[in-house]
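Working notes, beginning with the structure itself.
Read-outs: derived from the displayed coordinates by stated rules, not from any lab. Since this is a predicted model, take the numbers as computed values, not measurements. Note that we place each Cβ from the backbone using ideal geometry, even for glycine, and neighbour counts take in every protein chain shown.
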Amino acid sequence: MSIIERAAKRMEERKEPLVTSLGSVLQDGFPATYPRGDIGMADVEPEKPIAKRPAASRVEIDLFRLGHRGFITPDNSSTPVAEEFRIIKRPLIRNAMGHSAGTVKNGNLIMVTSALPGEGKSTTSLNLAMSIAMEVDNTVLLVDADVARPSLPETLGIQARPGLLDVLSGQIGLAEAVLPTNVNKFSILHAGTSHSKATEMLASDSMRQILDEMANRYSDRLIVFDSPPLLLSNESRVLASHMGQIVVVVEAESTMHGTLIEALATIESCPVKLLLLNKAKAHGGGAYGTYGSYGGSPYGYGQGR
Ligand SMILES: Nc1ncnc2c1ncn2[C@@H]1O[C@H](COP(=O)(O)OP(=O)(O)OP(=O)(O)O)[C@@H](O)[C@H]1O
Ligand SMILES: [Mg+2]
């Protein structure tokens, strides 16, 4: 039994609220997992430059296709997955937007990562972002920060556009790169044109400035970063150092205890780390998984912070 499953069992025995997660409700037709190997940016061939968009163009997401594939959409907001994300997003929003003394610094910068490839980061990021967009008070920006292996164009069925790396290299301004979509209050920022110095760019002062701008410019906006796995890329660790909150996706019956501990050790400095069990089989009470927070101790689980 994995570390999270043990924690889930403990929480269940104590009758603590369990958050159902992504379970098996999602349907076939998702992008297949791909072998990642070492994704050091030096190995990435520069891609064809991505066409610049006309100013203020809106991205049209095929919501029917997305909903059909099991993702949350405005018309798909009462599915089991949508219900699960209603609970999953709550502590994240509270940490980001709460007006109490406990509000987390840069809490509106939320990174979604995992130890290893294929655990469900992109799926979780998109569902989380869609779910937040349906809040009355919040807007959301979904950033494809897996710059070596961006998945947003394929998942949303849209064309790749200039994005984060182009902003960092000064090719385009942030305001121009952030694209509104046909989903109200939901914008996206593509990964952008791949670059051999991506890690350095993400670690640069420009990145810090851009994140500050993102974090402070719109106080009601949450920014969700779909990120590479922690144990296979430097980019993820660099990104993590800027974040207010990190959601670590853990694949049920797959992620090993030691692997998870190793991954969590790389994000020690982030004030809030939340663990999300993904792809779990149903257990007692019909729940599919659990969600908890991780504090100073690797075994410190509980709801919220
Ligand atoms: N809860 C779930 N139920 C069923 N399938 C899922 C679930 N979450 C993710 N998947 C599937 O698992 C595969 C990997 O998911 P996803 O692309 O979200 O992972 P990832 O962590 O972003 O992967 P990578 O590290 O390659 O970027 C996809 O085929 C996706 O459809
Ligand atoms: Mg991914």
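For residue 250, the residues whose amide H sits under 5 Å from its own are 276, 277, 278, ignoring neighbours fewer than 5 places away on the same chain, with H placed 1.01 Å from N.
Each residue, residue 209 and residue 60, gets one label point 7 Å from its Cα in the Cβ direction; the gap between the two is 3.7 nm. HN-Hα J couplings of the stretch 245-255 from phi, Karplus 6.51/-1.76/1.60, θ = phi - 60°, integer Hz, Gly and Pro as x? Whole-Hz 3J(HN,Hα) from phi for the stretch 245-255: 9, 10, 9, 9, 7, 10, 7, 4, 6, 9, 5. For the stretch 237-244, 3J(HN,Hα) computed residue by residue from phi via the Karplus equation (6.51, -1.76, 1.60; θ = phi - 60°) reads 5, 5, 4, 4, 5, 9, 8, x Hz, glycine and proline entered as x.
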